[in-house]
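Read the structure below first, then the notes.
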Amino acid sequence: MEDCQISIVVPCFNEEEVINTFHRALMSVLADTRRSFEICYVDDGSRDTTRAQLSALAAADQRVRYMSFSRNFGKEAAMLAGLRMSRGAAVALMDADLQHPPGLLHRMLELRQHGYDQVVARRDRLGEGWLRRTVSSAYYRAMGRCMDVDVIDGEGDFRLLSRRAVDAVLALPEANRFSKGIFSWIGFETVSFTYQNVDRAAGQSKWGGRRLLNYGIDGLISFNSRPLRLVIYVGLALAFAAFAYALWIAVEVIVHGVEVPGFATLLIAVVALGGIQLATLGVIGEYVGRIYGETKRRPLYVVRETEADARRGGTGPLPEAAAQPNGMATGTGRLRTLRQFSSFVTIGIVNTAVYMAVYASLNRWIPYLVAHVVGFAVSVGGSFLLNTYFTCRTKPTWRAFFRFPLSSLVNLVASGALLFLGVHSLGMEKNLTALAAGVLATPLSFVIARWAINSGTQHSGEKRPDWTSVPDRSEDLVSG
Ligand code: UDP
Ligand code: MG
């Protein structure tokens, strides 16, 4: 498409509910502009039917192109891929959820004709909750002070870029991509106009609180090293305060003689210093981690297919099939189940030891039945967490937590029934039967424990899923 005038880049992650409506709205706006265009959709590893829908849209219209990632790599990676794909003289970045109204493209193109390289549509915060508004504006004020580039509240990724601005963005090689900062960093003539914020047309935002917090930290760290400088100031201030305090103590000793040593002061100083040192290490670690991420030089995303592959008829497996929730049918599935089961058994042994340790140490001080309940609760809680992280390799949810004790209950009932059967019906020895019943009931409780843990997740399996259906920001940005 040699003479393409506008490319529209749209990152999509699980947007099946809205993608068709968005596409229709966008097409009608683009038709009105009377310019040649292409739409570059990037499916960021959606787990719903987004990819199939994009493939159908591309099959129906040559001007629609798409790229699909092998997994969710994050919006930053998707935008980068879209910009790389784009061939237009101007490129607009838009969200798929209609929060970036396609109708505003007219205004953007008009401003672009005045020679602006970046035309930014800035949303207002009307209709947003009080808390979110306050936190956001405080964040942007703090960013304004800390960052070496201007990041303006409400100015996001919804913008139209000239080809040379796109080339400048693509020339930045960093793996940790913080677009808001990058757009500001490249410079060029920029103009913005404000539009009224709209709610998502359908589906859910992928930005939970934790993700926003991580994104905020990324913003602070990506474009400057001021946190490191702050740490130096804190260290110097503390050293100065310690020196003044030491002087004061020396004077006290000279004037009043040696007094009872201040244990509390000492303890507070040690703990406070320890905390500050740890926080400092954390700040340094953040930078070192980023350097590590950058040095790996990994690609920022992996492509599963593009519209060209689809036209050749070579589509990969559907995400649903690839995920294989419990993977029982395949060889890998069996291996996984075996690994999970041995992990479950090991954790069971560890937790029995934990229970014994808690029970034995507490029953000296509190009634033994209370000690038993505490030990049991600790071991169930521990078992839940360990099995979540190590057996199922996922993250805990409250729903899973409340379902998990069912596994212990089933174990109790099943092993009780087996014990009864062994002792009463078969006349077996009591201790040996109890052991055998425990062993025999373990697979059942494993299946229930795994179900409980996975039931809280959107999908299960070996791959570590993300709760808000979004991976850690650090991961997405580095896209390792
Ligand atoms: N998105 C993406 N990958 C992600 C998360 C989001 O491509 O990991 C896309 C999403 O499909 C949408 C846009 O980025 O088109 C903005 O996402 P969302 O609406 O969840 O963010 P919000 O508008 O709440 O900031
Ligand atoms: Mg949105």
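For the stretch 141-186, compute Rh as the Kirkwood radius over C-alpha pairs and then the Stokes-Einstein diffusion coefficient at 10 °C and 1.306 mPa s; write the answer in µm²/s, rounded to an integer. Walk me through the numbers on the way to the answer.
Details: Rh = 11.5 Å.
Calculated translational D: 138 µm²/s.
What's the ranking of 232-243, 185-196, 337-348 by average number of surrounding C-beta atoms within 10 Å, highest first? Can you show the working numbers first?
Details: 232-243: 11.2, 185-196: 14.4, 337-348: 16.6.
So the peptides 232-243, 185-196, 337-348, ranked by packing, come out 337-348, 185-196, 232-243.
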| Cα axis of helix 226-256 to longest principal axis of the chain: angle in degrees, 0 to 90, nearest 10? | 50
| request: Measure off 7 Å from each Cα along the Cα-to-Cβ vector at Phe402 and Thr21, then give the distance between these two points in nanometres to one decimal. | output: 3.1
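Which of rounded, prolate, oblate describes the stretch 325-434, given a ≥ b ≥ c as roots of the alpha-carbon gyration tensor eigenvalues and a/c under 1.5 marking rounded, otherwise prolate only if a/b is larger than b/c? Working shown, then result.
Values: a/c = 2.22, a/b = 1.19, b/c = 1.87.
The shape class here is oblate.
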| field | Value of [θ]222 nm, deg cm²/dmol, for the chain, DSSP H segments ≥ 4, -39500 (n - 2.57) each, nearest 500 | value | -19000 deg cm²/dmol
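Considering only the other residues whose Cβ falls under 10 Å of the Cβ of Ala452, what net charge follows from Lys and Arg at +1 and Asp and Glu at -1?
On the way: positive: Arg399, Arg403, Arg450; negative: none.
With Lys, Arg at +1 and Asp, Glu at -1, the net is +3.
What number, in percent, do you get for the relative contact order of the stretch 122-249 if the mean sequence gap of Cα pairs under 8 Å and at least 6 apart is divided by its residue count? Don't skip to the end; give the middle numbers.
Values: 73 pairs, mean separation 45.5, N = 128.
In percent, rounded to a whole number, it is 36.
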| query | List the aspartates and glutamates whose alpha-carbon lies under 15 Å from that of Lys180, not counting same-chain residues fewer than 8 positions away? | reply | Glu76, Asp95, Asp148, Asp150, Asp153, Glu155, Asp157, Asp218
| remark: Between the Cα axis of helix 368-386 and the main Cα principal axis of the chain, the angle (0 to 90°, nearest 10) is 30
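How much length would be gained if the chain were fully extended between Val302 and Thr194, taking 0.36 nm per residue of separation minus their Cα-Cα distance, in nm to one decimal?
On the way: separation 108, 0.36 × 108 = 38.88 nm, distance 3.54 nm.
Extra length available between Val302 and Thr194 comes to 35.3 nm.
Label the stretch 96-170 by shape, choosing from rounded, prolate and oblate, from the square roots a ≥ b ≥ c of the eigenvalues of the Cα gyration tensor; if a/c is under 1.5 it is rounded, and otherwise prolate applies when a/b is larger than b/c, oblate when it is not. Walk me through the numbers before you get to the answer.
Working: a/c = 2.61, a/b = 1.39, b/c = 1.88.
Note, shape of the stretch 96-170 comes out oblate.
Can you tell me, using C-alpha contacts under 8 Å and at least 6 residues apart, the relative contact order of the chain as a whole percent? Intermediate values should be presented prior to the final figure.
Details: 644 pairs, mean separation 83.2, N = 480.
About 17 percent, as a whole number.
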| field | Taking N as its residue count, the alpha carbon Rg of the stretch 10-166 over 2.2 N^0.38 Å | value | 1.10
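Across the chain, how large is the tail of the calculated P(r) beyond 32 Å, expressed as a percent of all Cα pairs? Please report the intermediate quantities before stating the final value.
Details: 65228 of 114960 pairs.
Across the chain, Cα pairs with separations above 32 Å total 57 percent.
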| request: Report the residues of the stretch 278-294 in range of a label on Ile232: point 7 Å along Cα→C-beta, backbone N strictly under 20 Å from it. | output: 278-291
| message | Taking the Kirkwood radius as the inverse of the mean 1/r across Cα pairs, report the Rg/Rh of the stretch 198-281. | response | 1.30
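State whether the stretch 147-255 is rounded, prolate or oblate according to the following rule on the C-alpha gyration tensor (a ≥ b ≥ c being the square roots of its eigenvalues): a/c under 1.5 gives rounded; otherwise a/b larger than b/c gives prolate, and the remaining case gives oblate. Working shown, then result.
On the way: a/c = 3.56, a/b = 2.36, b/c = 1.51.
The shape class here is prolate.
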| note | Mean Cβ-within-10 Å packing, highest first, puts peptides 377-383, 249-255 in the order 377-383, 249-255
| task | Kindly give the semi-axes, whole Å and largest first, of the ellipsoid equivalent to the stretch 175-235, taking each as the square root of 5 times a Cα gyration tensor eigenvalue. | result | 28, 20, 11
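Coordinate-derived values only; no laboratory data. Quick caveat, the model's predicted, so the values are computed rather than measured. Cβ coordinates were reconstructed from backbone atoms using ideal geometry, including for glycine residues, and neighbour counts include every protein chain displayed.
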